[in-house]
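Here's the structure, in structure tokens; my notes come after.
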Amino acid sequence: MVDQFMERLGIVRAPLVGHSMGGTVGLSVAIDYPERVSKVVVIGSPILGSSLALLLKLSGYRGIAFLVFHAMWALRLGIRVSAPLITSDPRWPEMMNRDLSRTTLESFLLSIASLQRTDLRPFLNQVSIPALGMYGDKDVIVNPNQWQPMQAGISKVYIKRFENAGHFIMLDEPQLFMETLKNFLDGDTLKL
């Protein structure tokens, strides 16, 4: 769909930046449509679907997803209780509530189930463009060691680990996150 989206808008080639599943999608586009992507940035993204947190993996099963979506009060309560473990930004629970209100059970289920089956490791050597992996060492959503397959498989890879960040690096360390992203996109990899 990203290729079709770019085609419709007349975007021939562009850098792709994605957080979590968005980064996995961006990396997949760089593999499948290399002519479309000038650089790729993944932020807390799973390279291997089994790196997802157990509760997220479980929510990819139809029965559990059905229960979650029919007991949204419990999910919202769980988000509020677990928020300090996920990010230091107090706005995050409200952001999640807003996002949850915009999705359907089917789209959520298909997304998580698809992500669980992902294994980009055999294809990473096909990525010939510069790639940046940003991972928070305190990530409890995606295993923070997902930078390792990137480093092992991509020739032009740059890894930036954020010692004090979790899954939402852009919320936990916004200044360092923006500097790192800007330096990479501007081509100044020496400052990473």
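What follows is calculated from the coordinates using simple rules that are stated; it is not laboratory data. Since we're looking at a predicted model, the values are computed, not measured. Every residue, glycine as well, gets a Cβ built from its backbone with ideal geometry; the counts of neighbours run over all protein chains shown.
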For the chain, the spread of Cα positions along each principal axis, largest first, Å
45, 34, 31
I'd like to compare 37-49, 127-139, 5-17: which one has the highest average count of other Cβ atoms within 10 Å, and what's the full order after that?
37-49, 127-139, 5-17
With a length cut of 15 Å (Cα positions projected on each helix's long axis) and a Kyte-Doolittle mean of at least 0.5, go through the chain and give me the DSSP H helices that pass.
21-32, 72-86, 105-116
Can you return the aspartates and glutamates within cross-link range of K156? Criterion is Cα-Cα under 15 Å, with same-chain partners fewer than 8 residues away left out.
D188
Mind ranking 21-27, 110-116 by how tightly packed they are, going by the mean number of other C-beta atoms within 10 angstrom, highest first?
21-27, 110-116
Cut-off under 5 Å, modelled amide H: who pairs with V140 long-range:
H167
